[in-house]
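J.: Structure incoming, see below.
The values are calculated or read from the model by the stated rules, or taken from the named source; none is laboratory data. Please read all numbers here as calculations on a predicted model, not as lab measurements. Here the Cβ positions follow ideal geometry from the backbone for every residue, glycine too, while neighbour counts run over all protein chains shown. Accessible surface is based on the protein model in full, side chains and every heavy atom, while ligands, DNA and RNA are left aside. Shrake-Rupley method; radii C 1.70, N 1.55, O 1.52, S 1.80 Å.
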Amino acid sequence: MAFQRPFSGRALKAPNEKRRRKNGDYVKSALIWLSRSKWAKEFTKKHGFFRRFSSRFVAGETLGQAIGAVKTLNSLGIIATLDHLGENTTNAEEARKSAESYIDAIREIKSSGVDSNVSLKLTQMGIDISDDECIENVGRISEEAKRNGNFVRIDMESSAYTEKTLNILRILHGEYGNVGIVIQSYLKRSADDVDSLLKLGANVRIVKGAYREPLSLVFPKKHDVDENFMSLVEKMLSESAQKAGCKVAIATHDEKIIKRCEKLISERKIGKERYEFQMLYGIRRDLQRALSKNHTVRVYVPYGTEWYPYFMRRLAERPANLLFLLKNLFNA
Ligand code: FDA
């Protein structure tokens, strides 16, 4: 999963804070640069320490390990969505293999009896080869999911893919009905995109957004990204959205936003079948458990041998994770 933080144009106050944030930005940029570096990937994958540490964010390298992690979550009352980590591909054979791996995952979910759906990326399914190739691959996965009473979520990648992703969602939603999408609150266009998805009665995951984007396309201040997140959730919980059969996945670890959403859900008396909270594997486990007492909570469970870029981006998201890793490295 290639999530990266957007450039932050937050208003800065004290000079010390300014310096600290600047340093933090350098660390993030360095980690994101390293996430794309081949030698760093080889080095990291060779050393068991990093693999062990990455297991905080990645459920394992095999489908069996991922299903094991889902079983543990299920036993805590938390459901899941499986993400088979993979690289962007321009090779048709690789894209088909990636699709096969998702079909295997859907079958394994069924046969093991765990409660999970799947999340995938169109760059892994051949969108850079052709739209037709990609639609064919995701179509096969959606068909298998439908046969098994399951659901497929299309993750949202960088803004270069937003329009194509929406178009492909419309086609697949029309054909199979069990396909949903993700909308990023940092993008200025997202309110219009949600309006168009409301008409479809779509299932939409709202996230803040994790890619580096041109400043002209995004809200540069975190405050505005957060407020837009709330306003998109409000749209998804509106009367017209409910009438159209929409469902929203509120995907964040931000406690303030979660509290505001809980208030909205209770005021509007939204049924449990219309919304769920979602978080990433290994992040805010305490919050996942607490929230699952009153709401449906789904955890995004990544697995696969291509864990390195995903792991590096989780570190970049929160430099405290890097400090923790370094401390353990020197104590190891
Ligand atoms: P924010 O960044 O404001 O963080 C709030 C708090 O969460 C932090 O203070 C900290 O406590 C905790 N936290 C956040 N990240 C952490 C980390 N790495 N380690 C430890 N603690 C951390 N993006 C995208 O562009 N396309 C997509 O398809 C998806 N899909 C997706 C699915 C799911 C289920 C989730 C939860 C997220 C995504 N994302 C995504 C990623 C999303 O855009 C965003 O980058 C992350 O969720 C982090 O932002 P928060 O909303 O958590 O808030």
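J.: What's the whole-number percent of alpha carbon pairs in segment 209-332 lying beyond 27 angstrom?
T.: Of all Cα-Cα pairs in segment 209-332, 31 percent lie more than 27 Å apart.
J.: Determine by what factor the alpha-carbon radius of gyration of the chain differs from 2.2 N^0.38 Å, reporting the quotient.
T.: Output field value: 0.97.
J.: Near the amide H of Leu280, under 5 Å away, which other amide H atoms are found, from residues 5 or more places off or on another chain, if H is placed in the peptide plane?
T.: The list, which skips near neighbours in sequence, is Tyr300.
J.: Now a separate question. Pull up the cross-link candidates among the aspartates and glutamates for Lys222, meaning alpha carbon to alpha carbon under 18 Å and not fewer than 8 places away within one chain.
T.: Within reach: Glu17, Asp25, Glu213, Asp254, Glu255, Glu317.
J.: Net charge around Glu136, counting only other residues with Cβ within less than 11 Å of its Cβ (Lys, Arg = +1; Asp, Glu = -1)?
T.: -2
J.: Can you send over the carbon and sulfur percentage of the accessible area for the chain, probe radius 1.4 Å, protein chains only?
T.: C and S fraction of accessible area: 52 percent.
J.: Arrange the peptides 89-98, 272-281, 309-318 so that the one whose residues have, on average, the most other Cβ atoms within 10 Å appears first.
T.: 309-318, 272-281, 89-98
J.: A further question on this structure: Over the chain, average the accessible area per residue using a 1.4 Å probe and give it in Å², no decimals.
T.: 47 Å²
J.: Of Lys146/Lys243; Lys46/Lys97; Lys199/Lys235; Lys199/Lys243, which sit over 18 Å apart, Cα to Cα?
T.: Those over the limit are Lys146/Lys243; Lys46/Lys97.
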